[in-house]
Amino acid sequence: MMNKRRVFSFAWLLVALVIFASGCGGNNSDAGKGEIKIGLVGAMSGGGAIYGQQMKKGAELAVEEINKAGGINGKQVKLIVEDDKGSPQEAVKATEKLVSQDKIDYWMGTVNSSNTLAALEVTKKAGIPSMVPIATAEKITEMGSKNIFRNCANNPMQVKALVDYILANRPEKKFAILAENTDYGRDLVKIFEENLTKGGGTILATEYYKPGDKDFYNQLTKIKALNPEGFLVAGMIAEGSQIVKQARELGIRSQFYSFGGFMGNDPIKLSGEAAEGLIHTDYFSPVSGDPVIEKFVNGYKAKYGEVPDTYYSASLYDAVYLYKTAVEKAGSTDKDKVNQAMSQIKDYQGVLGKITFDEKGQTITRVWISQIKNGKQVVIFKP
């Protein structure tokens, strides 16, 4: 009888220990984990690889620095990179793999707005903290989810900055637009038209193309016949560089304008002299007296042997450190606690300036205006 009681008591002790251990774990995803996993989805191949590879470099640099300094709350960080090949379907597959197989704690991506919107449906359902460092379509932070954040300017911000600059400093008032037929391109067109016409400008024509197209002569011939004063290219650099080259070949002499896709040295290499004089929005310059920027630039040069010349790497660098800040604030990698901590970040001093998230997860950040002059990127306006 005594043995039975001892066995019975021992069994209850085991049950109690299991319940206690489970209770201590709760929703804290730190329990039993030796590392923190960050997933990055972006175009590592194809036309968008120019951006994707820079994103990867910025994230890798931040992770390396954090691990050397002891990790996040004592845990080392593992970066897992997936290639979406510039496709929304591939972005979804990559994100599903990161969430279900790799069990990531934090998601970052992607280059294209359409890809980002598709992938975020996966992370939204899972509730995983998600940062959008590159894609700018307005509807990304209109998804109504508490786990989605963006640490770069959105389309309304960059369009307003460009149009305000044009209306205040430039003579062009009659515009033609050639845009990619995506969420990103259509969003830019809508907002540009609204802002320009409100300021007294006119849109003579809007033409579209598909990502991956190489021949734009049909659309450009129509635009040339209208003789616009300003010509807006709304798309990524793979197609944008060919558009400006083919436009100049056809004899279009309009003043060219564009957005973040024309930042850095790659557009100059791809477009050659055709891009000379092009004016575009910008968010980053490696030449600065800012100690945060200098730390990033020096670390990037030491690791990769080159100077970072666009915001793509800088924004991913910030994105990783924002997660570190949120986890340390939350005291845990529990997704709900991190999402709450991220939403409360105020005036975080990043490479791209001070970051504070609004109620939708969007940060209000600086937008500069740059111009390609004598084969170099020159910041011509800082508000």
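What the table below lists for this structure:
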{"item": "Filtered residues of segment 21-68 (kept if touching a helix residue (DSSP H, G or I) at 6+ places or on another chain (Cβ under 7 Å), at pLDDT below 95, in a helix (DSSP H, G or I) and not aromatic (Phe, Trp, Tyr))", "result": "50"}
{"item": "Odd one out for residue 63 among (1) out of contact with any Asp or Glu (no Cβ under 8 Å at 6 or more places or on another chain); (2) closer than 21 Å to residue 263 by Cα; (3) in contact (Cβ under 8 Å) with a residue 60 or more places away in the chain", "result": "(2)"}
{"item": "Selection from segment 131-160 of residues that are assigned to a helix (DSSP H, G or I) and not charged (D, E, K, R)", "result": "140, 141, 155, 156, 157, 158, 159"}
{"item": "Members of segment 69-113 found to be closer than 17 Å to residue 56 by Cα, in a loop (DSSP other than H, G, I, E, B) and in contact with a strand residue (DSSP E or B) (Cβ under 6 Å, 6 or more places away or on another chain), listed by number", "result": "84, 104, 110, 111"}
{"item": "Any pair with Cβ under 7 angstrom, 6 or more apart, that starts in segment 260-272 at a residue that is without any contact (Cβ under 8 Å) to a residue 60 or more places away in the chain and among the hydrophobic types (A, V, I, L, M, F, W, C) and ends at one that is in a helix (DSSP H, G or I) and surrounded by 22 or more Cβ atoms within 10 Å (Cβ to Cβ)", "result": "270/237; 270/241"}
{"item": "Total residues in segment 355-383, condition surrounded by 13 or more Cβ atoms within 10 Å (Cβ to Cβ), part of a loop (DSSP other than H, G, I, E, B), at negative phi and not polar (S, T, N, Q)", "result": "4"}
{"item": "Residue match in segment 122-135 (condition: β-branched (Val, Ile, Thr), in contact with a Lys or Arg (Cβ under 7 Å, 6 or more places away or on another chain) and not assigned by TED's automatic domain parsing to the domain that holds residue 313)", "result": "no"}
{"item": "Evaluation of residue 128 against (1) assigned to a helix (DSSP H, G or I); (2) in contact with a strand residue (DSSP E or B) (Cβ under 8 Å, 6 or more places away or on another chain); (3) surrounded by 18 or more Cβ atoms within 10 Å (Cβ to Cβ) (one fails), failing number", "result": "(1)"}
{"item": "Lone unmet requirement of (1) in contact (Cβ under 8 Å) with a residue 40 or more places away in the chain; (2) in the same structural domain as residue 258 (by TED's automatic domain parsing); (3) β-branched (Val, Ile, Thr); (4) in a helix (DSSP H, G or I) for residue 163", "result": "(1)"}
{"item": "Some residue of segment 198-206 being touching a Gly at 6+ places or on another chain (Cβ under 7 Å) and not hydroxyl-bearing (Ser, Thr, Tyr)", "result": "no"}
{"item": "Flag for residue 205 being over 18 Å from residue 272 (Cα atoms), free of Cβ contacts under 8 Å to residues at least 24 places away in the same chain, surrounded by fewer than 23 Cβ atoms within 10 Å (Cβ to Cβ) and assigned by TED's automatic domain parsing to the domain that holds residue 270", "result": "no"}
{"item": "Complete set of residues in segment 71-85 that are more than 23 Å from residue 54 (Cα to Cα) and either within 24 Å of the chain's Cα centre (by Cα) or not polar (S, T, N, Q) (or both)", "result": "72, 74, 75"}
{"item": "Those helices (runs of 4 or more DSSP H) lying entirely in segment 236-352 with at least 3 residues charged (D, E, K, R)", "result": "237-249, 291-304, 311-330, 335-343"}
{"item": "For residue 116: the one exception among (1) part of a helix (DSSP H, G or I); (2) hydroxyl-bearing (Ser, Thr, Tyr); (3) surrounded by fewer than 22 Cβ atoms within 10 Å (Cβ to Cβ)", "result": "(3)"}
{"item": "Selected residue (criterion: farthest from residue 329 (Cα to Cα)) from residues of segment 94-103 that are buried (at least 18 other Cβ atoms within 10 Å of the Cβ) and not hydroxyl-bearing (Ser, Thr, Tyr)", "result": "94"}
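To keep it simple, each residue is scored yes or no on (1) assigned by TED's automatic domain parsing to the domain that holds residue 323; (2) of a type outside the set (Ser, Thr, Tyr).
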position	(1), (2)
143	yes, yes
146	yes, yes
169	no, yes
179	no, yes
182	no, no
185	no, yes
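The values are calculated or read from the model by the stated rules, or taken from the named source; none is laboratory data. Quantities reported herein were computed from a predicted structural model and do not represent experimental measurements. Cβ coordinates were reconstructed from backbone atoms using ideal geometry, including for glycine residues, and neighbour counts include every protein chain displayed.
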